[in-house]
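The values are calculated or read from the model by the stated rules, or taken from the named source; none is laboratory data. All values reported here derive from a predicted model rather than from experimental measurement. All Cβ positions, glycine included, derive from the backbone under ideal geometry; neighbour counts span all protein chains shown. Surface areas here come from the heavy atoms of the whole protein model, side chains and all, with no ligands, DNA or RNA. Shrake-Rupley method; radii C 1.70, N 1.55, O 1.52, S 1.80 Å.
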Number of protein chains: 2
Amino acid sequence: MHRDHRLHEAITGHLEEFLDRRSASVTGLDTDFAAEVFGRLAGFVLDGGKRIRPIFAWWGWRAGGGTDDGPEATAALRAASALELVQAFALFQDDVMDRSAVRRGRPAAHVEFANDHRSGGWFGDPVRYGESAALLAADLALVWADDMFTGALRSMPDARERAREPWRAMHTEMVVGQFLDLRSQARSDEAESTPLRVNRLKTAAYSVERPLHLGAALAGAGEEVVAGLRRYGKAIGCAYQLRDDLLDLYGRPAQTGKAVGGDLREGKRTLLLAVGLRRARERGEHGAVETLNSAIGSPGLTDGDVRVVAELLAALGAREAVEQRLDRLLEEGTRSLTEAPIAPAAREELRRRAHEAVSRSN
Amino acid sequence: MHRDHRLHEAITGHLEEFLDRRSASVTGLDTDFAAEVFGRLAGFVLDGGKRIRPIFAWWGWRAGGGTDDGPEATAALRAASALELVQAFALFQDDVMDRSAVRRGRPAAHVEFANDHRSGGWFGDPVRYGESAALLAADLALVWADDMFTGALRSMPDARERAREPWRAMHTEMVVGQFLDLRSQARSDEAESTPLRVNRLKTAAYSVERPLHLGAALAGAGEEVVAGLRRYGKAIGCAYQLRDDLLDLYGRPAQTGKAVGGDLREGKRTLLLAVGLRRARERGEHGAVETLNSAIGSPGLTDGDVRVVAELLAALGAREAVEQRLDRLLEEGTRSLTEAPIAPAAREELRRRAHEAVSRSN
C-alpha cells in the first residue's frame, strides 16, 4: 500500500469513494439534480485532472515527516484529495466568467448545461441557464470539498485543527487572486507587479504553496519545514504560471492540447506582456506598443496575428526576460528545499517537480 | 447579557467582530480587493437583513436546552451568526442569476461592481465585470461562513462535531433547491409538487429547518426535540414562502418594500400559479390558461397586467387554496412544538414566529 508511487490512482480512488457515498443522498433529494448536476460534477472530477494540488499536499505531508503507509497516511491523502473538488469549483466558475467553451478537451460545464436546455427546447435563454447551472455545480463542489476534507480527518482532530489555517488561507487567496486577475484585465493594468501578484495568489498560493503547507500542517511539521516548503511553493508556483504564459504563445498545440494565444485573446495580463510593453515604451517603439495593446483581449486574432505578437515579444527581449526569471525561481525553489530540514524522499521528489514545472512543454 | 431579547444586535456584533479581524488580513493581501470587495461585503452583511437564520438557530439552541447566557451561549450565537454570511453568498449569487438590480432597497452587488467599471471607464463589458466580481464576493462570503462557524466552536469540539451534519445538509439543500427553481422555470414546469419541493429545499430547509436543527445539535438536544423542530421548520418555512408568493401579487408595495409582480415577471413557478393553471384547465378556461402562461416570465408586464393576473388567480380559487394550505401548515407547525419536549421559552417564541410567518404583510 505504499502511496508515493501511485498517488494519482489513490487520489481518484478517494474521490470515487466520497462521491459514491454522496450519490445516494443526492438521488434522495432529487433525481433530476442527481442526473444533471451531480453526474456531471462526478464525471468531471473522476475523469480528468493532473491532481497537482493533492499531490503537492501529499508531498507536504511526507516532507513534514508523515508516513507513506498506515491509517494516518490514508486519512491525510483522503483529505488532500478534497483539493480536487475545490479545483472543480474554480474551473466551473472560471469558465463561466471567461466564457471559455472548452475544458480538458471537452465542452465546459456551462456549455453542457446550455445544451441540455437547447435539446429540451426549454423556456428562456440557454446560455444563461447553462451559466447558472454551472455556478450551482461549482457551489456544490466547494461545499463538498469542505465536507470531504473535514470528514477525512475525523479521527485526527489535532491535525485537522492545525490544517485549518492553510485550508482557510488557500480559499481566501484563490478568491482574491481571481479578483485581481479580473480587475487587472478590466483596468488594462500594465504594471509588472500586477501579474506577479496575481500569479502569487491565484497559482502559487492556491496550487502549490498552500497544498504543501496543508500537508505539512497535517503531519505536524515544524516551522522551518513549513517556511521552506512555502518559499519553494511560492517560487515554483510562480514559475509554473510563467511557463504557462510562455506556452500560450510559444507552445505547440500538439503538445499543450490548446490553441495558441488563448490567454492573449481573453485579455489576460501576463508578465510577458507587461515586460514587452515596458520595453517597447523605453525604446520609443510606438508601433510595437500599439500592436501589443490592440492584440490583448481581441477575440478575433488569427493564429498569424498571435505569431506576430509572439515574435514581437521575443524581439523586445520579453521572452528572454521571463526565461531568466524562470531560472531564478527554479534556483530559489530548489535552494529552499536544501536549506530546510525536509524528509529526503520528499526533497528528491519536489526537486524533480520543480524542474518539471519550469521546463515542461505541455 | 441575556440574549433572548436582543438577538439582532448581538448577531450584528458577532459579525462585526469577525469582519473586523478579517479586515487587516485582507488589506495585507490587496488594498483594492479590501476596498472594493471586502468593503462591499462587510457593508452588506452589517447594514441589513432580518437575521432570520441565526435567530432560528438560536431558538434551536434554546429549544434543545442551551442556556441564555455564559460562554457556551456566546459561542453558539457566534456560530449561528455565520449563517448571515451564507445568506450574503446566496443573495449575491441569486441576484446575478436572476439579473435582479435591487436588493434590500439598494443596487444589487453586481450592479455596484458594474458601476465601478463604468465610472472608471475600464476595458470590456461592465455588466460581465459586475457579475464576475459579485460572484467572487459571494465566494468569499461562503468560504468565510465556514471559517466563522468552525472558529466560533473551537472550544466546543463535540458540539461542532454534532453540528456538522445539519451544516453540511443545509448547504447541499440550498444548492439543490436553487437548481430545482432554475430548472422548473426553464422547463415551464406546471406540476404542483415542484414549487412545494423547491420551497421545501430552498426556503424551509435552508432558512428554518436546518438552522433550528443546527442550534439544537449544538445544544446536544435529543432526537425527539430535533425531529419536532425539523417538522416545525418544514411547515413554517414552506408557509413563509407561500406567504411570500401571495405578497408578490397581493401585497402592498408600501409595506413589502417591493414592486408587485417581481416574481411573476422573473418567471418563478409558484404553487399559486400551479394551482391556478390546473383549475383553469379543469374548468376548460383556455383564455385563463393563455393569460397566465403568457404572463409568467414576461419582464414587460405593467402593474395593471399584474393586477389582472392576481384577480384571475383569486377568481380561480388559487389564492384561497394557498391560504388554506397556509392554515394547515401553521396548524402542523404549532402542533409539532406541542408534541416535542421543547424548552418552554423557545416553544413560546417559535409559536409566535409561526403566526408571524403566516400572517405577515411584509
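Among the residues of the range A:294-304, just one is touching a residue at least 12 places away in the same chain (Cβ under 8 Å), open to solvent by 60 Å² or more (accessible area, probe 1.4 Å) and either in contact with an Asp or Glu (Cβ under 7 Å, 6 or more places away or on another chain) or part of a helix (DSSP H, G or I) (or both), namely A:D303.
Residues that are surrounded by fewer than 13 Cβ atoms within 10 Å (Cβ to Cβ) and either of a type in the set (K, R) or not in a helix (DSSP H, G or I) (or both) within the range B:345-357 comprise just one, B:R352.
Among residues of the range A:266-292 being more than 18 Å from A:V322 (Cβ to Cβ) and touching a residue at least 40 places away in the same chain (Cβ under 8 Å), the one that is least open to solvent (accessible area, probe 1.4 Å) is A:G267. For the criterion of being out of contact with any Lys or Arg (no Cβ under 9 Å at 6 or more places or on another chain), of a type outside the set (G, A, S) and open to solvent by less than 50 Å² (accessible area, probe 1.4 Å), B:L249 fails.
One residue stands out among those in the range B:309-324 that are in contact (Cβ under 8 Å) with a residue 60 or more places away in the chain and surrounded by 17 or more Cβ atoms within 10 Å (Cβ to Cβ): the one that is farthest from B:L212 (Cα to Cα), which is B:V309. Is it true that some residue in the range A:27-35 is open to solvent by 60 Å² or more (accessible area, probe 1.4 Å), within 28 Å of A:R183 (Cα to Cα) and not assigned by TED's automatic domain parsing to the domain that holds A:P166? Within the range A:27-35, not a single residue is open to solvent by 60 Å² or more (accessible area, probe 1.4 Å), within 28 Å of A:R183 (Cα to Cα) and not assigned by TED's automatic domain parsing to the domain that holds A:P166. A residue that is within 21 Å of B:Q255 (Cβ to Cβ), within 26 Å of the chain's Cα centre (by Cα) and part of a helix (DSSP H, G or I) occurs somewhere in the range B:327-344. Residue check: is B:F179 among the aromatic types (F, W, Y) and either in contact (Cβ under 8 Å) with a residue 12 or more places away in the chain or open to solvent by 10 Å² or more (accessible area, probe 1.4 Å) (or both)? In short, no.
Restricting attention to the range A:79-100, does a residue exist that is surrounded by fewer than 24 Cβ atoms within 10 Å (Cβ to Cβ), more than 20 Å from the chain's Cα centre (by Cα) and more than 30 Å from B:S193 (Cβ to Cβ)? No, the range A:79-100 has no match at all. Apart from one condition, B:R360 fits all of (1) at pLDDT 95 or above; (2) open to solvent by 10 Å² or more (accessible area, probe 1.4 Å); (3) touching a Phe, Trp or Tyr at 6+ places or on another chain (Cβ under 9 Å); the exception is (1).
The condition (being farther than 25 Å from A:S23 by Cα and more than 10 Å from every other protein chain (Cβ to nearest Cβ)) is satisfied by just one residue among A:A169, A:A159: A:A159.
From B:A221, B:A227, grab the single residue that is more than 14 Å from every other protein chain (Cβ to nearest Cβ), open to solvent by 10 Å² or more (accessible area, probe 1.4 Å), in contact (Cβ under 8 Å) with a residue 24 or more places away in the chain and not in a helix (DSSP H, G or I).
B:A221
Working only within the range A:261-291, note down all residues that are away from chain B (no Cβ under 14 Å) and touching a Gly at 6+ places or on another chain (Cβ under 7 Å). Passing the criteria: only A:R279.
The set of residues from the range B:20-52 being part of a loop (DSSP other than H, G, I, E, B) and more than 12 Å from chain A (Cβ to nearest Cβ) comprises B:G48, B:G49, B:K50, B:R51.
Just to be sure before I move on: is B:D98 under 27 Å from A:G124 (Cβ atoms), within 14 Å of another protein chain (Cβ to nearest Cβ) and among the charged types (D, E, K, R) in the structure I sent? When the stated conditions are applied, B:D98 passes them. Residues in the range B:101-131 that are open to solvent by 60 Å² or more (accessible area, probe 1.4 Å), on the phi > 0 side of the Ramachandran plot and among the small types (G, A, S): B:G105, B:G121. Can we say B:G233 is open to solvent by less than 50 Å² (accessible area, probe 1.4 Å), assigned to a loop (DSSP other than H, G, I, E, B), out of contact with any Cys (no Cβ under 6 Å at 6 or more places or on another chain) and more than 14 Å from chain A (Cβ to nearest Cβ)? Against the criterion (open to solvent by less than 50 Å² (accessible area, probe 1.4 Å), assigned to a loop (DSSP other than H, G, I, E, B), out of contact with any Cys (no Cβ under 6 Å at 6 or more places or on another chain) and more than 14 Å from chain A (Cβ to nearest Cβ)), B:G233 does not qualify. Per the conditions (1) closer than 27 Å to B:S294 by Cα; (2) among the charged types (D, E, K, R); (3) within 10 Å of chain A (Cβ to nearest Cβ), the sole criterion not satisfied by B:D147 is (1). Scanning the range A:172-208 for residues that are among the charged types (D, E, K, R) and in contact with a Lys or Arg (Cβ under 8 Å, 6 or more places away or on another chain), we see that the one that is farthest from the other protein chains (Cβ to nearest Cβ) is A:E192.
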